[in-house]
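The block underneath contains the structure these notes are about, expressed in structure tokens.
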Amino acid sequence: MSGRRTDMWDIREILRRVRLGESDRAIVKALGVSRKTVRKYRVWAAQAGLPADALPSTEQLQALLHMSLPEAPPPQTPSTVEPYRALVVRWREQGLECQAIWQRLRRDHGFTGGYGAVWRFVSRLESATPQVTVRVEVKPGDEAQVDFGYVGLLLDPATGQRRKAWAFVMTLAWSRHMYVEFVFDQTVETWLRLHQHAFAFFGAVPHRIVLDNLKAAIVKACFEDPVVQRSYQELAEHYGFLVAPCRVRTPEHKGKVESGVHYVQRNLLGSHDFIDILAANQEARVWVIQVAGQRCHGTTRQKPLVQFQEVEQAALLPLPSEPYDLAVWKQVTVGRDCYVNFEKAYYSAPYRLVGQTVWVRGGLTTVRIYYQHQLEATHPRAQQPGERHTVLGHLPPAKAAGLTTTRETCTAQAAAIGPSTAEVVARLLAQKPIDRLPMVKRLLRLGDTYGALRLERACQRALQFEAYTGQTIRSILEKGLDMAVLPPLTTAWLSTPQFARSPEELLPGLGDVSWN
């Protein structure tokens, strides 16, 4: 030890701890004094016959020491901070540092002492009231604790690059049997998949999962009413376990897995030099069974794998009969084009929801869109980024037609109306170089206005007069000419002379005139 000078406070604290039954080693660690000093005052307390129920006052203790131990320290001058003890205790409970406390005492309470006096007072105050930890043990199968631990850089086979990696650890709280897997991220998808893998590894499900307030599981960290991430909530409902988030900044509440993560970092990673994440995960499966599972645990003094197989596994919840559809929930806004963007792909939603916030549930094979808890759309899951899935009924009727009308659909629609309409459409679409598809669309819409029968008769008339433009057919319909009887279609006019009378008949006497 440092051999520092022992003052009256140290002596009184040594005696108090001796009376409470603490070992010499524990007292040395707590107070920073030497073993020789602790042993001396332990022996002196027994010889002086100090009462077992309470220590004498500081003045009485000083007198006893002066009589029986002449080398005992002289009476101590009270700290200049002592009059402000209640304030200092309250401020430390609020998390104030010694520097801030010193400044407040000087500014608001006229304190004239130095910063060192405050620091010494706080040090003694807090070492005199050590933090008490209560170990919580649970019944077999009741609880598992989960956590991530950073493990350095591992090779990603998909990219050939080394990336930051983490170890996911799930520890069963009773047996201390664990599941370990290395990953490159802590996204919601990864978080859900890791739970699936862990439950499959155990062949069962714990009744409760204790975890940190990471975003993949807890949206809002609140001790009274934490908000569980919707995807994780669905996973918990499927497997039947309860979600138990720790209070913020209290990692000791899941100390079993914290210890497990450190054990993985020290033992598994300390005994192997992993490069590839696939190799690391293969070795982790073997290590969990052959090394971690067969060790004598420092707290339980039992082998975790044996405890799991003989007792805890039977106390866990059975796996569901149906496999879990790994689904991710996300809140998105329906864009002006009637699509939502989910995982870099696009899915249509009813146009009445444009500008509204909806929930999208992305499963392995389907994507579902919900608005106010009502299912509004279902699509197949996109297989690549940028893919677009459309239900025509989701689009405004006036806009949807433009997406579905092609040269092929126009030809089919015209054939359904009649042969004359089909002939007009075929001739218009064959014209080059101008694309007549817009004209054909407008032509076919005349059937909605005037009826298919009238459109067919109008096209028949237009063909007879070789005037089958869209404007001509519209004019025929507007004037009702399609209802008039068509003249007989003959070829006699082709043999008729260009003029009804000859020039000689029109202009007598021209026969003797020569024309140049």
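The values are calculated or read from the model by the stated rules, or taken from the named source; none is laboratory data. These numbers were taken from a predicted model, which means no experiment stands behind them. A quick note on method: Cβ atoms are made from the backbone with ideal geometry, for glycine too, and the neighbour counts reach across all protein chains shown. For the accessible areas, the whole protein counts, side chains as well, though only heavy atoms, and no ligand, DNA or RNA atoms are used. Shrake-Rupley method; radii C 1.70, N 1.55, O 1.52, S 1.80 Å.
Placing dummy labels 7 Å off each Cα toward the beta-carbon, the span from Gln60 to Gln290 is 6.6 nm. Between Gln282 and Gln431, the simple spin-label model (points 7 angstrom out along Cα→Cβ) gives 7.0 nm.
Summing charges over all other residues whose Cβ lies under 14 Å from the Cβ of Ala280, with Lys and Arg as +1 and Asp and Glu as -1, gives -1. For Ala200, neighbours were defined as the other residues whose beta-carbon sits under 13 Å from its Cβ, and their charges (Lys and Arg +1, Asp and Glu -1) total +1. Across Ser348, Ser79, Ser68, the residue with the most accessible area heads the list, and the full order at a 1.4 Å probe is Ser68, Ser79, Ser348. Looking at the stretch 374-451, the GluC sites (Glu not before Pro) that sit in a DSSP loop and have at most 16 other Cβ atoms within 10 Å of their own Cβ are Glu387. Remark: the His262-Glu237 segment gains 6.0 nm on full extension, using 0.36 nm per residue and subtracting the alpha carbon distance. Rg and Dmax of the stretch 318-427, based on Cα coordinates, read 19.0, 70 Å.
Using a Förster distance of 45 Å, how high is the FRET efficiency between Ala484 and Arg352, based on the Cβ-Cβ distance and rounded to 0.05? Display every interim value, and only then the final one.
Working: r = 46 Å, r/R0 = 1.03.
About 0.45, to the nearest 0.05.
Maximal additional length on extending the Met67-Ala200 stretch stands at 40.7 nm, based on 0.36 nm per residue less the C-alpha distance.
In the neighborhood of Gln290, defined by Cβ-to-Cβ distances under 13 Å, what is the net charge if each Lys or Arg adds +1 and each Asp or Glu adds -1? Present the calculation step by step, with values, prior to reporting the outcome.
Numbers: positive: Arg285, Arg295, Lys303; negative: Glu283.
In short, +2.
The modelled label-to-label distance between Asp156 and Gln103, using points 7 Å beyond Cα along the C-beta direction, is 4.4 nm. Taking 60 Å as R0, compute the FRET efficiency from the Cβ-Cβ separation of Thr469 and Val306 and round it to 0.05. FRET efficiency, Thr469 to Val306: 0.10.
Order Trp287, Trp119, Trp9, most accessible first, counting only protein heavy atoms with a 1.4 angstrom probe.
Values: Trp287 5, Trp119 130, Trp9 70 Å².
Listed by decreasing accessible area, they come as Trp119, Trp9, Trp287.
When the surface is traced with a 1.4 Å probe over the full set of protein chains, Tyr351 keeps roughly 110 Å² accessible. Distance between the C-alpha centers of the stretch 27-62 and the stretch 447-477? Whole Å please. One Cα centre to the other: 116 Å.
Using a 1.4 angstrom probe, figure out how much accessible area the stretch 289-410 has per residue, in square angstrom, rounded to the nearest whole.
Values: 7160 Å² over 122 residues.
I get 59 Å² per residue for the stretch 289-410.
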